[in-house]
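Contents: one structure, followed by commentary.
FYI, it's all coordinate maths here, none of it is from the lab. Only a predicted model underlies this, so the values are computations on that prediction, with no experimental measurement involved. Cβ coordinates were reconstructed from backbone atoms using ideal geometry, including for glycine residues, and neighbour counts include every protein chain displayed.
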Amino acid sequence: MSVSSPVPASVPASPAPVSSASGAETAAPTPTPTPTQGELLDFVRRTASDAELIASLPLDPEGRTWVRLEGPGGSEAWLIGWPPGTGTGWHDHADSVGAFVTAAGELKENALAARLPTDGWKTLELTEGVDRERRLPAGKGRAFGRHHVHEVLNESADRHAVSVHAYYPPLPQIRRYSRTGPTLRLEQVERPQDWQ
């Protein structure tokens, strides 16, 4: 006589079948897990170490160039070329978390170590001590959370930089700011159709 252990009633033995339009039953799709900041950082590090991919990016002597990449878990990812003396200006990525790594050359990130209100303002006076600066040579990068305000610069006078970036969820918008001393002013809100 064989004895089998019953499956507890609260744990399904297999995924529940789902009826398709044709009436046939199929297994329910497994949802894609949301990538964490750490997973995005791992992805951009691995991608930045792909010398063949980095070398394939066309570089323009006057303006940034970019190629969209397939990021993990439905994230948005970009390979970006930075001519000497170029930068992003102050901006944030709204509700997206992200990560970036320098693949070639060196980038500088200026960031604010303060959580800003997300809506309802046009001008803010920043307090002392909120500025952070990071030098990011090839192989170095960082992850960041929602509403992270920063600017990224290639301060080299004669060398391109290349970086890899990933964001989740895919960027719903980018808010652009101007800054004069401690005054930060919201200048523009861009949507995906503005940069894709």
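Can you tell me how many residues in the range 51-101 are touching a residue at least 40 places away in the same chain (Cβ under 8 Å) and part of a strand (DSSP E or B)?
Of the residues in that region, 18 qualify.
When the range 113-129 is examined, which residues are found to be among the acidic types (Asp, Glu) and either under 11 Å from Leu186 (Cβ atoms) or in contact (Cβ under 8 Å) with a residue 60 or more places away in the chain (or both)?
Asp119
Could you list, in sequence order, the residues of the range 146-174 that are buried (at least 21 other Cβ atoms within 10 Å of the Cβ), more than 16 Å from the chain's Cα centre (by Cα) and farther than 17 Å from Thr47 by Cβ?
Passing the criteria: only Asn154.
Scan (1) in contact with a strand residue (DSSP E or B) (Cβ under 9 Å, 6 or more places away or on another chain); (2) touching a residue at least 60 places away in the same chain (Cβ under 8 Å) for the single condition Asp158 breaks and write down its number.
The single condition Asp158 does not satisfy is (1).
Residues in the range 102-112: is at least one in a loop (DSSP other than H, G, I, E, B), touching a residue at least 24 places away in the same chain (Cβ under 8 Å), of a type in the set (Gly, Ala, Ser) and in contact with an Asp or Glu (Cβ under 9 Å, 6 or more places away or on another chain)?
Looking through the range 102-112, none of the residues is in a loop (DSSP other than H, G, I, E, B), touching a residue at least 24 places away in the same chain (Cβ under 8 Å), of a type in the set (Gly, Ala, Ser) and in contact with an Asp or Glu (Cβ under 9 Å, 6 or more places away or on another chain).
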